[in-house]
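Some notes on the structure that comes next.
The values are calculated or read from the model by the stated rules, or taken from the named source; none is laboratory data. Keep in mind that what you see is a predicted model, and the values were worked out from it rather than measured. Ideal geometry is used to build each Cβ from the backbone, glycine not excepted, and the neighbour counts take in all protein chains shown.
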């Protein structure tokens, strides 16, 4: 539910009991596996997939609805061994009319038979400690005070810290002082390997070596990411007051800096907290559980639950499974929480299943999976769905209307088979929908190499993440990766990810260098109508300088490309870098480009927008409100240390070049800002509005207007969460209209018909396609692009088009002036060479020379692929014969205005040729949207005009190449057939609408009636759009 002031309220769809044709009933407490399971009077004890099942339950097969009794804890685990059918899934659910309370799948066992007095020499005050022997080894223990009131009993630790400060959850941890050397201290372990040495003169003393050695230590590390990780204390050096331990990935990886924090746990010596602790002495598969309850209570008259099971529903091939209305509780992690999730026995490494548990886990192949209206609370990890290796695939995943509370390692992960270091595509991921879920206090105890990310979706073909409320995530709230991960070969022509109407409230409580909402890699990403508040990323060690804003960002584009961020609200808790509450930035980018930020509202940050490695340019910042910025609004280069240093660098020789001529800054509203920013490679400080604007003008940026500095507050009460504009504020009627194309497959050219600053003959290409040769993200901006060259074109020929109003983004073509635009065949087919590794990092892969040429180069040269052309244009009334776009010399394709004023689309290869004419006339002087496509498999040509299918005809099949050595022409050719009209948008793709999992109706509705035409609340403007996320309303 969207609230008018700029807030979002969780509004899940209510649970509705659904049953298939056949039903089976399960009552773990009163059922029997010898019953028939057909009625509530004759239920089974166990589900047929439970290895503990016997009798008739065990023998059951087929598609059924399995109903678990409400108010009963099912203490077992299910191993999926059957599949449902499309429209007839296997259901795991509950019937509210049967039983009282939640139907629970429980990962724990209740512990009984406690004895008082700990028979262990290292436990302090043993008379206050109780023990019980178990045949399993728990990593988690709970005290159930009453239904819904659960206390996680901490593993014995020192110090006995609590989360007393909700803004700094580690405020009671110890910290290193490293008195002689602030970082870089090392010591050798028993194997002679250098490991970190952390020195704490206040606490690592006055105890025997055994008090510290072998403990689990949870240290922060740096310089970035910094989520505490579990590892073992390997060396104790009491003379130096130091502890030796391995880095995040072993050895001395990372930095252990003065004032970084840590704590110790899992030693009997630490079992001393009167507020409650436990310790487990493992022997074989079981061992002895020692506990001290709050107030030294007797556990025999309490309910103590010890985690036994890691996975509750688990399958390697899961098809058409519907899980709804159930509760999941009290799962445990694997015992060796220090283990990496990599299987180092293979090259490249595999992913270890045994250290990747979840309440619901799909590990390999899956299709038609729905998890809805479930409650996951006090669990290690709720949902993990992953394809792993080549040939595996996950598709059609829906996770909706669930609630997640108090988790160790995050909320959900739906991913392909990618991971750090891989060089080739592995298991693939199709469509993912994550709707209307809520989470609270999650990722509080992540394992090694994890941070506790709430929602993680990696490399889906299509995804929509919407309506979710994520509160107090210890890492990112939403983390989405598009197309393929950094460093991977493989052709991924299509990806489309929508992230909207999500509320991320207080994130990155335990780490930094991430975003409340974070995108990675290939788009298009459509990120809109979200609220991200207090993405913290606090760094305690940075405060020794007296001024450090931490490194958390409301929205982070971490090597993310082709993003559209609009109507979002970014809200910080403090803009003062000298406080622990400081929020670094509203928008952060690294290596990212081809991103558009428009109509967003940012309030109360140290910096408004940060850009690292901005060489590529190609970004737009339009009609955003920047209010309450404590330092720079636009930190779009690394700033010099001082203003004088920046001036000196700027006056000296130029070492780097940023493509500033392809950036656009306009119609932004600034209020209560410290300085405008930094933009140039020199890092020169541009403190004032005029300073920054002058640099834009000097570099002839796409748009240099920048915006306006407001004299009065533009927002009603942003400190209290009211982001509505004030009547008469500076941003009223100062918004923008931005064209946001719907994602297509295999786009090889995209032109919005505006030119690079200062050169009206250079029409920018803005296509995005994650080709095989998009490998390492640092070099993406060097990949071939295909700008058009205007012939006989001048600046005066550009005009405001219908699609956008922030720039003269339409090109008028005149037959009388013999105007056209072209892309030379030699340019588009020129071989491209670069260096990158072809083997995985796991195999020691090193960069080696690579050359891409011929059909492997993806560009407007069409070989045997499908073809789609999208164009928005108008002609002068009565015009005929003009070329819209054509690449034809013998073979090729052509789209033109025919003699009858209709569209004429032709494709030719060798002796095969085909043409289709539209029924509708398009030469009436009005704007028209058209798509033509050649489906090579269906051997069909199709024309769509103004959002409707208009005509089709037989085409040419995929054995026929359309490749030729002719140039690409737009708006005419050197020989004539010039267009009398205007082009506003053109793109060429090597895939049809079906290849992009879309329809003409969906594409047209998005491009001409999508959310970009409305504000955060869904309201259309009465006239011109206002700047910022919310439109003014009286």
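Details
- Scanning region 580-594 for residues that are more than 13 Å from residue 551 (Cα to Cα) and in contact (Cβ under 8 Å) with a residue 60 or more places away in the chain, we see that the one that is surrounded by the most Cβ atoms within 10 Å (Cβ to Cβ) is 593.
- Residue 697 vs. criteria modelled with pLDDT of 95 or more, farther than 30 Å from residue 865 by Cβ and in a loop (DSSP other than H, G, I, E, B): no
- Leading residue by the ranking (surrounded by the fewest Cβ atoms within 10 Å (Cβ to Cβ)) among those in region 924-962 that are assigned to a loop (DSSP other than H, G, I, E, B) and in contact with a helix residue (DSSP H, G or I) (Cβ under 8 Å, 6 or more places away or on another chain): 946
- Cβ pairs under 7 Å, 6+ apart, first in region 219-236 and at pLDDT below 95, second not in a loop (DSSP other than H, G, I, E, B): 222/255; 222/541; 223/255
- Taking region 492-537 as the region of interest, none of the strands (runs of 3 or more DSSP E) fully inside it holds 3 or more residues being surrounded by fewer than 24 Cβ atoms within 10 Å (Cβ to Cβ) and on the phi > 0 side of the Ramachandran plot.
- Test for residue 135: is it over 30 Å from residue 365 (Cβ atoms), at pLDDT 95 or above, in contact with a strand residue (DSSP E or B) (Cβ under 7 Å, 6 or more places away or on another chain) and exposed (fewer than 14 other Cβ atoms within 10 Å of the Cβ): yes
- Residue 281 meets all of the listed conditions (1) in a loop (DSSP other than H, G, I, E, B); (2) under 29 Å from residue 196 (Cα atoms); (3) more than 37 Å from the chain's Cα centre (by Cα) but one, namely (1).
- Residue 549 falls short on exactly one of the conditions (1) buried (at least 24 other Cβ atoms within 10 Å of the Cβ); (2) modelled with pLDDT of 95 or more; (3) under 22 Å from residue 614 (Cα atoms), and that condition is (2).
- Applying the criterion of being out of contact with any strand residue (DSSP E or B) (no Cβ under 9 Å at 6 or more places or on another chain) and in a loop (DSSP other than H, G, I, E, B) to the residues of region 329-370, the residue that is surrounded by the fewest Cβ atoms within 10 Å (Cβ to Cβ) is 345.
Listed here are the residues, each with its yes/no results for (1) surrounded by 20 or more Cβ atoms within 10 Å (Cβ to Cβ); (2) in contact with a helix residue (DSSP H, G or I) (Cβ under 6 Å, 6 or more places away or on another chain); (3) part of a strand (DSSP E or B).
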site: 964; (1), (2), (3): no, no, no
site: 969; (1), (2), (3): yes, no, yes
site: 984; (1), (2), (3): yes, no, yes
site: 987; (1), (2), (3): yes, no, yes
site: 992; (1), (2), (3): yes, no, no
site: 1004; (1), (2), (3): no, no, no
site: 1015; (1), (2), (3): yes, no, no
site: 1018; (1), (2), (3): no, no, no
site: 1021; (1), (2), (3): no, no, no
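- Residue 296 meets each of the listed conditions (1) touching a residue at least 12 places away in the same chain (Cβ under 8 Å); (2) in the same structural domain as residue 196 (by TED's automatic domain parsing) apart from (2).
- Only one of the listed residues (102, 145, 110, 157) is in contact with a strand residue (DSSP E or B) (Cβ under 8 Å, 6 or more places away or on another chain) and modelled with pLDDT under 95. That residue is 145.
- Taking the criterion of being surrounded by 24 or more Cβ atoms within 10 Å (Cβ to Cβ) and touching a residue at least 60 places away in the same chain (Cβ under 8 Å), the residues of region 565-579 that qualify are 566, 567, 568, 569, 571.
- All positions within region 102-121 that are under 46 Å from the mean Cα position of the chain (by Cα) and either surrounded by fewer than 19 Cβ atoms within 10 Å (Cβ to Cβ) or not in a loop (DSSP other than H, G, I, E, B) (or both): 104, 105, 106, 108, 109, 110, 112
- If you filter region 624-642 down to residues that are within 26 Å of the chain's Cα centre (by Cα) and part of a loop (DSSP other than H, G, I, E, B), you find that the one that is farthest from residue 567 (Cα to Cα) is 638.
- Flag for residue 901 being out of contact with any helix residue (DSSP H, G or I) (no Cβ under 9 Å at 6 or more places or on another chain) and either crowded, with 18+ Cβ neighbours inside 10 Å or free of Cβ contacts under 8 Å to residues at least 40 places away in the same chain (or both): yes
- Test: residue in region 667-679 that is surrounded by 20 or more Cβ atoms within 10 Å (Cβ to Cβ), at pLDDT 95 or above and closer than 30 Å to residue 990 by Cβ: no
- Of the residues making up region 80-95, those that are surrounded by fewer than 17 Cβ atoms within 10 Å (Cβ to Cβ) and more than 18 Å from residue 385 (Cα to Cα) are 85, 86, 87, 88.
- When each of 757, 731, 749 is tested for being within 30 Å of residue 669 (Cβ to Cβ) and at pLDDT 95 or above, the lone residue that passes is 731.
- Selection status of residue 705, surrounded by fewer than 19 Cβ atoms within 10 Å (Cβ to Cβ), in a loop (DSSP other than H, G, I, E, B) and in contact (Cβ under 8 Å) with a residue 60 or more places away in the chain: no
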